[in-house]
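Down below is the structure, laid out as structure tokens.
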Amino acid sequence: MIHFPSKQPHVQTTIFTKMSQMALDEGALNLSQGFPSFDCSEELQALVQFYSKGHNQYAPMAGIPALRQSIAQKTASFYGIDLNPATEITVVSGATEALFAAVHCCVSPGDEVIMFDPSYDAYDPMVRLAGGIPVHIALSAQAGFQIDWSILAQKINPKTRAIMVNSPHNPTGAVWSQADLDALADILKGTQILLISDEVYEHIVFDGKSHASVLLHPELRKRSFVCGSFGKTYHVTGWKIGYCLAPAYLTAEFRKLHQWVTFSTVTPLQHALADFIKIPKHYLELSDFYQKKRDLFVGFFQNSRWKILPSQGSFFQCLDYAAISDEADVDLADRLTREIKVASIPISVFYETAPTDKILRFCFAKSDEMLSEAAQRLAAL
Ligand code: PMP
Ligand code: GLN
């Protein structure tokens with residue numbers, strides 16, 4: 001064995017890989033990792049077949065012009081925002097790559113990057129790999145995972161390079177309002193702080209609310225990398241294709257990173273999506289589609305010992321099991337996978353300092369049959 005110092009000595013395999021593998025080994029219903037149990041539209045599959053003839057070489061580094069044009073049209077019609085496809089839109093291999101390239105193109109050793117816990121598991125290691133210092137602000141379930149803006153203001157100092165935000169939020173399902181954007185903008189006005197905004201669930205917002213994208217706030221938009229994923233919107237998480245929207249001066253730096261990470265993204269899928277995203281119903285109907293699934297799932301817990309936490313967006317539902325068990329969430333998630341064959345995600349793993357909350361996350365991007373069966377097993381506890 002050749003010895004070298006690990007760059008990530010404390011990093012383990014992600015909870016999603018761990019729980020999905022365990023679900024497979026145990027023959028459990030997998031409500032852990034966030035991916036649909038159903039297929040994407042046949043129309044989209046047909047487009048891929050069509051474009052897999054003659055479109056099999058490298059795509060341009062920033063993405064094929066047709067897809068960047070379609071993203072610009074969609075952003076204009078959905079948000080009313082005009083983006084320049086040549087200088088403000090980059091196609092990447094999944095939002096994970098967008099987040100990685102955004103962090104690495106602006107975070108230098110010693111820079112602080114603020115994130116709110118529970119935070120998506122990739123944020124902290126990405127910042128550390130860039131030599132940055134993650135600064136975690138813990139949000140509490142009791143406060144509905146709302147941000148106390150005065151705490152953010154206190155954490156900001158001359159070393160703060162960027163803030164990572166995520167709405168609709170994974171794992172809690174919390175959703176930002178326009179007032180949240182305003183509060184953040186008030187704090188950032190006059191600073192040189194950048195924003196990395198993870199908006200992969202932009203089209204999954206419930207109860208008549210709309211998605212408060214940082215694109216809609218000029219003070220925020222001018223300093224933001226907006227990271228998006230086609231995986232979530234079109235039921236194709238395995239395609240690993242997404243985009244980064246950012247002003248030209250940020251996009252120029254972003255692309256310098258992107259070209260060394262993947263250089264370009266799978267070509268036939270770009271052509272297929274360039275056509276498919278022109279049809280608005282596929283993303284306009286998504287919130288209703290998932291709201292029905294959320295309601296079906298939580299309906300089983302109304303008269304149970306589980307406490308239902310609000311899910312305002314994303315395809316995740318958090319449930320509090322304090323009335324059922326004293327076990328730590330990681331232990332209960334393991335036990336439920338083995339004993340009642342339902343896999344979930346413990347939310348303590350998304351914190352720098354694990355809270356004592358007793359909460360599990362369930363993904364409801366699953367067939368109605370699977371959701372009903374899993375919910376009945378859980379609700380009986
Ligand atoms: N951010 C969040 C909050 C996510 O839930 C995911 C989902 N997997 C990603 C980023 C990564 O998206 P992608 O699969 O497109 O890399
Ligand atoms: N984002 C997905 C989730 O939250 C998992 C993606 C992954 O496995 N990296 O479950």
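Measure off, as a whole percent, the carbon and sulfur share of the 1.4 Å-probe accessible area of the chain, all protein chains present. Numbers along the way, then the final one.
Values: 8890 of 16330 Å².
Within the chain, the accessible surface is 54 percent carbon and sulfur.
With a Förster radius of 25 Å, plug the Cβ-Cβ distance of Lys292 and Ala179 into 1/(1 + (r/R0)^6) and report the FRET value to the nearest 0.05.
Step by step, r from the Cβ atoms, then E = 0.35.
Could you run the Debye sum over the Cα atoms of the chain, one equal point scatterer each and no solvent, and tell me log10 of I(q)/I(0) at q = 0.14 Å⁻¹, two decimals?
-1.29
Taking a probe of 1.4 angstrom, what is the accessible area of Leu381 in Å², to the nearest 10?
Estimated to the nearest 10 Å², Leu381 gives 60 Å².
Tell me which of Gly94, Phe16, Asn84 sits at the most positive position along the dipole axis of the chain, charges placed on C-beta atoms (Lys, Arg +1; Asp, Glu -1).
Going by the Cα projections, it comes out as Asn84.
How much area per residue is accessible in the chain when the probe is 1.4 Å and only protein heavy atoms are counted (Å²)?
Numbers: 16330 Å² over 381 residues.
I get 43 Å² per residue for this part.
Mean separation of Cα pairs under 8 Å and 6+ residues apart, divided by the residue count of the range 236-381: what relative contact order is that in percent? List each step's numbers first, then the result.
Numbers: 138 pairs, mean separation 33.4, N = 146.
Relative contact order comes out at 23 percent.
Starting from the amide H of Ala138, placed 1.01 Å from N in the peptide plane, find each other amide H under 5 Å away whose residue is 5 or more places distant or on another chain.
Asp117
When the chain is treated as a GNM, springs tying every alpha-carbon pair under 10 Å, which of Tyr201, Tyr123, Tyr79 comes out with the largest mean-square fluctuation?
Maximum fluctuation in the GNM of the chain, among the listed residues, is at Tyr79.
Mind jotting down the distance between the C-alpha centroids of the range 164-219 and the range 66-123, whole Å?
Measuring centre to centre over Cα atoms gives 13 Å.
Rounded to the nearest 20 Debye, what is the dipole magnitude of the chain about its Cα centre when Lys and Arg each give +1 and Asp and Glu each give -1 at the C-beta?
Values: 32 positive and 39 negative charges, 146 e Å.
For the chain, the charge dipole is close to 700 debye.
Could you tell me the distance between the Cα centroids of the range 147-163 and the range 315-343, to the nearest Å?
33 Å
On a 1.4 Å probe surface of the protein chains, which of Phe35, Phe315 comes out largest in accessible area, and what is the full order? Could you put the intermediate results ahead of the total?
On the way: Phe35 60, Phe315 0 Å².
My answer, sorted largest first, is Phe35, Phe315.
Suppose R0 equals 56 Å. What FRET efficiency, 1/(1 + (r/R0)^6) with r the Cβ-Cβ distance, do Ala328 and Asn56 give to the nearest 0.05? All intermediate terms of the calculation are to be shown ahead of the outcome.
Numbers: r = 49 Å, r/R0 = 0.87.
So, using R0 = 56 Å, E works out to roughly 0.70.
Return the FRET efficiency for the residue pair Ile340, Lys222: r is the Cβ-Cβ distance, R0 is 56 Å, and the value is rounded to the nearest 0.05.
That pair, Ile340 with Lys222, gives E of 0.65.
Beyond 26 Å between alpha-carbons counts as too far, so tell me which of Lys53/Lys292; Lys240/Lys293; Lys209/Lys240; Lys74/Lys189; Lys18/Lys232 fall in that bin.
Working: Lys53/Lys292 38 Å; Lys240/Lys293 24 Å; Lys209/Lys240 28 Å; Lys74/Lys189 28 Å; Lys18/Lys232 21 Å.
Distance filter (> 26 Å) returns Lys53/Lys292; Lys209/Lys240; Lys74/Lys189.
Have a look at Met164, Pro65, Gln192 and report the one farthest towards the positive end of the charge dipole of the chain, computed about the Cα centre with Cβ charges (Lys/Arg +1, Asp/Glu -1).
So the residue we want is Pro65.
Given DSSP loops and a limit of at most 11 other Cβ atoms within 10 Å, what is the longest stretch of the chain that contains no such trypsin sites (Lys or Arg not before Pro)?
Working: sites that count: Lys7, Lys53, Lys189.
The segment 190-381 is the longest one with no such site.
Does anything in the range 189-204 have its amide N under 16 Å from the 7 Å Cα→Cβ label point of Ile156, and if so which residues?
Only 189-197 fall inside the zone, counting backbone N under 16 Å.
List the residues of the range 194-235 whose backbone N lies under 17 Å from a point placed 7 Å from the Cα of Thr262 along the Cα-to-Cβ direction.
198-201, 226-235
The values are calculated or read from the model by the stated rules, or taken from the named source; none is laboratory data. Not measured: the values here are computed from a predicted model. Methodologically, a virtual Cβ is constructed for each residue, glycine included, from the backbone with ideal geometry; neighbour enumeration extends over all protein chains shown. Quick note on the areas: whole protein, heavy atoms, side chains included, nothing else; ligands and nucleic acids left out. Shrake-Rupley method; radii C 1.70, N 1.55, O 1.52, S 1.80 Å.
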